[in-house]
1. Sort the following peptides by mean Cβ neighbour count (other Cβ atoms within 10 Å, averaged over residues), highest first: A:213-226, B:189-202.
2. Apply the Karplus curve 6.51 cos²θ - 1.76 cosθ + 1.60, θ = phi - 60°, to the phi angles in region A:8-20 and return the couplings in whole Hz, x for Gly and Pro.
3. Using the Kirkwood formula over every pair of different C-alpha atoms, what hydrodynamic radius in Å results for region A:96-219?
4. Pairs to check: B:LYS67/B:LYS110; A:LYS28/B:LYS3; A:LYS290/B:LYS110; A:LYS67/A:LYS110; A:LYS140/A:LYS215. Give those whose C-alpha atoms are more than 20 Å from each other in this structure.
5. In whole angstrom, how far apart do the alpha carbon centroids of region B:29-92 and region A:82-107 sit?
6. Enumerate the amide H contacts of A:HIS78 below 5 Å, restricted to partners 5 or more residues apart or on another chain; note that Pro and chain-start residues carry no placed amide H.
7. Which far-off residues, 5 or more places away or on another chain, put their amide H under 5 Å from the one on A:LYS97, with H placed in the peptide plane?
8. Could you work out which residue, out of A:VAL173, A:VAL248, A:VAL61, moves most in a Gaussian network model of chain A, that is, has the largest mean-square fluctuation with Cα springs under 10 Å?
There are 2 protein chains.
Amino acid sequence: MAKIVECIPNFSEGRNQAVIDGLVATAKSIPGVTLLDYSSDASHNRSVFTLVGDEESIQEVAFQLVKYASENIDMTKHEGEHPRMGATDVCPFVPVKDITTAECVEIANKVAERINRELGIPIFLYEDAASRPERTNLAKVRKGQFEGMPEKLLEEDWKPDYGERKIHPTAGVTAVGVRMPLVAFNINLDTDNLDIANKISKIIRGSSGGYKYCKAIGVMLEDRNIAQVSINMVNLEQFPLYRVVETVRFEAQRYGVRIIGTELIGLAPAKALIDSAEYYLQLEDFDYSKQVLENHLLG
Amino acid sequence: MAKIVECIPNFSEGRNQAVIDGLVATAKSIPGVTLLDYSSDASHNRSVFTLVGDEESIQEVAFQLVKYASENIDMTKHEGEHPRMGATDVCPFVPVKDITTAECVEIANKVAERINRELGIPIFLYEDAASRPERTNLAKVRKGQFEGMPEKLLEEDWKPDYGERKIHPTAGVTAVGVRMPLVAFNINLDTDNLDIANKISKIIRGSSGGYKYCKAIGVMLEDRNIAQVSINMVNLEQFPLYRVVETVRFEAQRYGVRIIGTELIGLAPAKALIDSAEYYLQLEDFDYSKQVLENHLLG
């Protein structure tokens, strides 16, 4: 079976269409890579690309995109709402199929080493690729942003994993990491009371004592005049979709509120959905890898 | 995207391991074909093979298996519980991915023509490949079995679709067809009363006024001392898994009986399971082909 890796680089350009087009062309130029999706946000001034490929081609495309970004994005002139520290701000790899997290960490290290060696950009490894606990959290790594990085790199604890204590003058610093697949999932409630969505979000999210692999906030959908629990599913193996739906359902019942519907944003692995089918259909002794036809067809 | 076809030939040999091994070796000898599963039943004296491949290689493997069976199975000496009329009794093709039923009917005709031309076995086309309505139903085509076929072929209505009105002396007659993916799915009830499972089966199955694409019977699971509704899902697009589960659930409630669990037998397409996840999770505007990651990876 072919090993498949996903890569989701975030670039600090969401306004200049010529540069975005150049990134797209670069992404499409590497054989063995599929550009699944890309989106740009002008107010964030940031673009997010989603690519998949085998373990070799995903390394090549990641490097070539970082190279293109370093040559075409000038961080000294960058403005935008989203925190950022480099032309390629973050470059996470995600194990998708027949590959372990450890193997993806190896891939992250190879790409980080090459970026630093050929382009002179200092690299921090983060999340599952982090070299020490305080670097696991991307927000801590990026704290100070592009403007604060020259000083931060001189601090005792913040020597880059690859490269010297000195930013790339225009491309800044890049974080290369490995993380689990993340799914954005929203649950719409039949209430116009945002307070209820906020209370439920607080109950379910890990940071306030709920499910460890759940991030959630309440959001008002102005056009439909309903409140939504907006969720990031950080680890679908440990925290499946049905569990968040059923938990939100019984918490909402306290207010006499029902679930109107849910939204899956972007892509999810088939297994994330099939795990929920398995729960609701009460399947006994179901074997995902053996009983799903497509698992015998892929590569 | 590569067109993928499934083929599920049934052979009238479930006892002689050497012949079964020969069929397996033949199945594995064709490039582009994957042997997903095979199982032999001694009391039925029958083996069922499940193969997938592209549209060319599936034709080749089907022909080579029929050829091997015709050279190694002697129907004049065959005994077994299951109705049968040929060494290769039936050979259905199933559209799996990016291929229409009409295209599979073309494949069935090509394979049928070649079997008759090169091996001299007369062929009836059945189900979606049938040339007239009364041949749709395999049971009607096979009625009379191997022993009755010489006479049946002489009847006005039963000239084979390919070949003369004369059986192959040892390989008999083969039915080649096209059908939708079929999933075997059982629902276990927390009762030892088989009568309840039978009553529910009668309500849900098409033949007695229930769902058109549902076949069902009540079965007693002696080892667990529970009754089961044993179901064949004949068309998963028109009759999804969640619908049969929820219908059995509310019908069982009349007797105070609950669903203990369900069993998926063999393989199912990912979409059949994801359709049920979509229902239970109440997904709004979900797009299977776009939002499932694996759909961007397959061939």
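What follows draws every value from the coordinates through simple rules; no lab data is involved. Here the structure is a predicted model, which is why all the values come from computation and not from measurement. Note that each Cβ is placed from the backbone with ideal geometry, even for glycine, and that neighbours are counted across all protein chains shown.
1. Descending packing order for the listed peptides: B:189-202, A:213-226.
2. 10, x, 10, 10, 8, 8, x, 10, 7, 5, 4, 5, 4
3. The Cα-based Kirkwood calculation yields 16.8 Å.
4. A:LYS28/B:LYS3; A:LYS290/B:LYS110
5. Their Cα centres are 47 Å away from one another.
6. Here the answer is none, since no amide H 5 or more places off falls under 5 Å of that of A:HIS78.
7. Result for A:LYS97 returns A:ILE4.
8. Of the options given, A:VAL248 has the highest mean-square fluctuation.
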